[in-house]
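The values are calculated or read from the model by the stated rules, or taken from the named source; none is laboratory data. This structure is a prediction, so every number in the text was calculated from the model and none was measured. Backbone-built Cβ (ideal geometry, glycine too); neighbour counts: all protein chains shown.
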Amino acid sequence: MGSVITVRVPDEMKKSLEKYGVEASGVARKAFEEEIRRKQIEEAKKAAKELAVFLADVPTETIVEWIREDRRKR
C-alpha cells in the first residue's frame with residue numbers, strides 16, 4: 001500500500017482544482033517525485049565534487065591502474 005499525506009490548501013485553490021478537474025493526488029505525487037529526483041541529483045553532484053577533490057591528489061597513472069584492475073576482475 002502506501003502512506004497518506006494530508007496537504008492544506010487555500011479554499012480558492014481547492015475550488016479551482018475542482019473546477020478544472022485536476023487530480024490533486026496525481027499532481028502532488030508528481031511534484032514529490034520531481035523534488036526527490038532534484039535532491040538526488042544535488043546529492044550526486046556534491047559527491048562528485050568531493051570525489052574530484054580526492055582524485056585531484058591521485059596521480060593519473062594510479063587511476064589508470066585502478067581502472068585496469070577493475071576491468072580484469074570482470
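What the table below lists for this structure:
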quantity: Flag if Glu35 is surrounded by 10 or more Cβ atoms within 10 Å (Cβ to Cβ), acidic (Asp, Glu), modelled with pLDDT of 95 or more and over 21 Å from the mean Cα position of the chain (by Cα); calculated: no
quantity: Any pair with Cβ under 9 angstrom, 6 or more apart, that starts in the stretch 60-73 at a residue that is part of a helix (DSSP H, G or I) and ends at one that is at pLDDT 90 or above and surrounded by 10 or more Cβ atoms within 10 Å (Cβ to Cβ); calculated: Trp66/Val58
quantity: Pairs with Cβ under 8 Å, 6+ apart, first in the stretch 3-16 and modelled with pLDDT of 95 or more, second in a loop (DSSP other than H, G, I, E, B) and of a type outside the set (Ser, Thr, Tyr); calculated: Ser16/Val22
quantity: Any hit, the stretch 13-22, residues being part of a helix (DSSP H, G or I) and loosely packed, with under 10 Cβ neighbours inside 10 Å; calculated: yes
quantity: Filter pass, Ala52 being in a helix (DSSP H, G or I) and at pLDDT 95 or above; calculated: no
